[in-house]
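J.: Sending over a structure as structure tokens; questions will come in a sec.
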Amino acid sequence: AQKVTQAQTEISVVEKEDVTLDCVYETRDTTYYLFWYKQPPSGELVFLIRRNSFDEQNEISGRYSWNFQKSTSSFNFTITASQVVDSAVYFCALSGLDSSYKLIFGSGTRLLVRP
Amino acid sequence: DTAVSQTPKYLVTQMGNDKSIKCEQNLGHDTMYWYKQDSKKFLKIMFSYNNKELIINETVPNRFSPKSPDKAHLNLHINSLELGDSAVYFCASSRAGLAGETQYFGPGTRLLVL
């Protein structure tokens, strides 16, 4: 069965610090997809990134970057020079044949960026 | 020009009542979903419809009944509401019900059963 683990329940940093959110996944599929979503205090779920299992290149988007490593089944998310507006709950998710293409979410990591 | 919208945003009701939540997407997507987010923020899929046809039906009490009048709408009707139904319900849509398709979420409906 597919599973996503976000071991960090809550992280607190001071503004401008870099922070990495960990995501470890389990799947028997050879083809699968990984996602990150952001849930700010206002409550909506915002899509951040999608990555397929054949593309292990790291991705950078502004202050955000993602490190996908199949060898360790991890898809970690780094925020550089964090800002107060980054405060949110971040979810990692997985989709593949093993879950009948359902989106399986991790339990989320709450990030608090203090001024 | 909201992509995925839900109404109402907040719903407070008494135990035993019946209520509905509506969802609409204007993205031209074929597949829509309902998710439940509990008080610990855990997100779990409940149902999925592809072009008005039910394709995912998780282990959900049959008091919950989804209805899709067309592929742009997916409503959720809940009968005989219980305290444990209190949660945030999210609607989402994607181009197709395939692995890897990005799901876009609505703003959520916060349901409180008293």
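J.: Would you list which lysines come within 20 Å of A:Lys3, measuring only between C-alpha atoms, while excluding same-chain residues fewer than 8 positions from it?
T.: In chain and number order, the partners are A:Lys38, A:Lys70, A:Lys102, B:Lys36, B:Lys40, B:Lys41, B:Lys44.
J.: Another question, then. Let me check I've understood the local charge: for B:Asp85, count other residues with C-beta under 10 angstrom from its C-beta, Lys and Arg +1, Asp and Glu -1. What total comes out? Could you put the intermediate results ahead of the total?
T.: On the way: positive: B:Lys19, B:Lys36, B:Arg63; negative: B:Glu82.
Net charge in that neighbourhood comes out at +2.
J.: Using a 10 Å cut-off on Cβ to Cβ distances, tally the other chain neighbours for every residue of B:44-51 and report the average as a whole number.
T.: What the average comes to for B:44-51 is 2.
J.: Here is a further query. Tally Lys and Arg at +1 and Asp and Glu at -1 over the other residues with C-beta under 10 Å from the C-beta of A:Ile104: what net charge comes out?
T.: So the environment of A:Ile104 carries a net charge of +1.
J.: Just how many % of Cα pairs in region A:1-98 lie over 21 Å apart, if you round to the nearest whole percent?
T.: 31 percent
J.: To the nearest 20 debye, what charge dipole does chain B have about its Cα centre, counting +1 at the Cβ of each Lys and Arg and -1 at the Cβ of each Asp and Glu?
T.: 220 debye
J.: Over the protein assembly as shown, with the other protein chains present, what is the accessible area per residue in square angstrom, probe 1.4 angstrom?
T.: 48 Å²
J.: Residues of region A:80-104 that become at least 20 Å² less accessible with every protein chain present than in their own chain isolated, using 1.4 Å: which are they?
T.: The answer is A:Phe91, A:Tyr101, A:Lys102, A:Leu103.
J.: Once you list every other residue whose beta carbon is under 10 Å from the beta carbon of B:Arg63, what net charge do they have if Lys and Arg are +1 and Asp and Glu are -1?
T.: Cβ neighbours under 10 Å give a net charge of -3.
J.: If you project the alpha carbons of the protein assembly as shown onto their three principal axes, what span does each projection cover, largest first, in Å?
T.: Principal extents (Cα only, largest first): 48, 41, 34 Å.
J.: Turning to a different aspect of this structure: Just to be sure I understand the curve: with the Debye formula and one point per C-alpha of chain B, what is log10 I(q)/I(0) at q = 0.10, 0.12, 0.15, 0.23 Å⁻¹?
T.: Evaluating at q = 0.10, 0.12, 0.15, 0.23 Å⁻¹ gives log10 I(q)/I(0) of -0.26, -0.37, -0.58, -1.34.
The values are calculated or read from the model by the stated rules, or taken from the named source; none is laboratory data. If you're wondering where the values come from, they're calculated on a predicted model, not measured in any experiment. Cβ: placed from backbone, ideal geometry, glycine included. Neighbour counts: every protein chain shown. With ligands, DNA and RNA removed, areas are computed over all heavy atoms of the protein, side chains included. Shrake-Rupley method; radii C 1.70, N 1.55, O 1.52, S 1.80 Å.
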